[in-house]
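What follows is a single structure, written as structure tokens, with notes after it.
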Amino acid sequence: MLHIRHLAGRSTLRALFLASAAAASIGGGVLFATEVLAEPVPVQATAPFASSRLSVEVVGHGPDVILIPGFASSREVWRAEAERLKANHRVHLVQLAGFAGEPWTHGDAPVLQPAVDEVVRYIADQRLRSPAVVGHSMGGLIALLIAQQHPEVIGKAMTVDSLPFFSALFGPQVTVEAARPFAAQAAAGMLAAGEDAFRISQAQGAPGLSRDPETQRLMVEWSLAGDRRAMATAISEVMTTDARSGLAGLRVPVWAPYASDANGGAPAAMADAMWAREYAGAPNVRLIRVDDSRHFIMADQPQRFAEIVDQFLADQAAD
């Protein structure tokens, strides 16, 4: 969940942010992963993975899929997908430290790049073979950075409602340097807010991020359970990380579902223009708009999202 106040007009920021929540229909029939089954991946005996940066829950058997939640979110955001996929896939549910009650022991240390490094270390440590990596929001940025920095360790990546430069939501002219004051303000506000004020701000922002009342409730709970230091550092880093320069050189396929919501969110034309602009020059990226959804596509349009994930995992061109 991400709710930033006083950085832009409420209606403009809400519309722009919700543009980052859309996803489009994929032309042609949907190819389900259960219809084209890969050969089972043998389970190898590995030692438990120890990390102060993340924990991983593993369910199911088959080709490996890593699911990374977004800013302040719990791995439970992926629970329905994991339950659906586990019959034919080995699903690795990541929980980032400092979010949703996961312990944080790193004070004001960086969050984003260490998370990237630890997911890569997990892949090597557990001997995963070209896993598919799916991330939502900040988790999508982590997936994209892994694809750019370590293409040799993954097979493909999906960035769910995640731009390569978050602060492009403030306008196409915004640079990392221009975003730094906004990022500092967002981090400072998060650290300074009292418990009641923080709860109210998160509750006010939740409806703009999901249509689903239960998901809205959970977002608030997850935010309140997070470590404010980790969250403040993470939002500042996300707002000042620009991964667009690495898009042209992507060596692994990347799918980018994004949200569009004509009823209180970003209209389709606005969402299309933003995603096309920010992913321009990336021949290996497939943009997919999901209508009638806000930022949490998996909660707002679960059936449509499941179809996209199944096609992503089964698509032979993406292997």
Practice prompt. Pull up segment 129-165, narrow it to residues that are in a loop (DSSP other than H, G, I, E, B) and of a type in the set (A, V, I, L, M, F, W, C), then point me to the one that is farthest from ALA82 (Cα to Cα).
Written response: PHE165
Practice prompt. Search segment 73-88 for residues that are without any contact (Cβ under 8 Å) to a residue 40 or more places away in the chain and pair each with any residue that is surrounded by 23 or more Cβ atoms within 10 Å (Cβ to Cβ) and in a loop (DSSP other than H, G, I, E, B) when their beta-carbon atoms are under 7 Å apart and the residues are at least 6 apart or on different chains.
Written response: ARG75/PRO69
Discussion item. I'd like to verify a number: residues in segment 154-177 that are of a type in the set (D, E, K, R) and modelled with pLDDT under 95, how many?
Written reply: 0
Discussion item. Out of the residues in segment 184-206 meeting the condition of being part of a helix (DSSP H, G or I) and free of Cβ contacts under 8 Å to residues at least 24 places away in the same chain, tell me which one is surrounded by the fewest Cβ atoms within 10 Å (Cβ to Cβ).
Written reply: ASP196
Worksheet item: In this structure, does ALA262 turn out to be more than 30 Å from HIS150 (Cα to Cα) and at pLDDT below 95?
Response: yes
Response to the item:
Of the conditions (1) under 16 Å from the mean Cα position of the chain (by Cα); (2) farther than 14 Å from ASP64 by Cα, the single one that ALA109 does not satisfy is (1)
Worksheet item: Restricting attention to segment 210-232, does a residue exist that is without any contact (Cβ under 8 Å) to a residue 12 or more places away in the chain and within 30 Å of ALA124 (Cβ to Cβ)?
Response: no
Item to complete: Confirm whether GLY70 is more than 14 Å from ILE142 (Cα to Cα) and of a type outside the set (A, V, I, L, M, F, W, C).
Response: no
Worksheet item: Could you count how many residues in segment 43-98 are over 20 Å from VAL220 (Cα atoms) and out of contact with any Gly (no Cβ under 6 Å at 6 or more places or on another chain)?
Response: 33
Worksheet item: Which of the residues that make up segment 281-315 are over 23 Å from GLU83 (Cα atoms) and either modelled with pLDDT of 95 or more or of a type in the set (S, T, N, Q) (or both)?
Response: ASN284, VAL285, ARG286, LEU287, ILE288, ARG289, ASP291, ASP292
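The values are calculated or read from the model by the stated rules, or taken from the named source; none is laboratory data. All values reported here derive from a predicted model rather than from experimental measurement. No Cβ is skipped: glycine too gets one built from the backbone with ideal geometry, and neighbour counts run over all protein chains shown.
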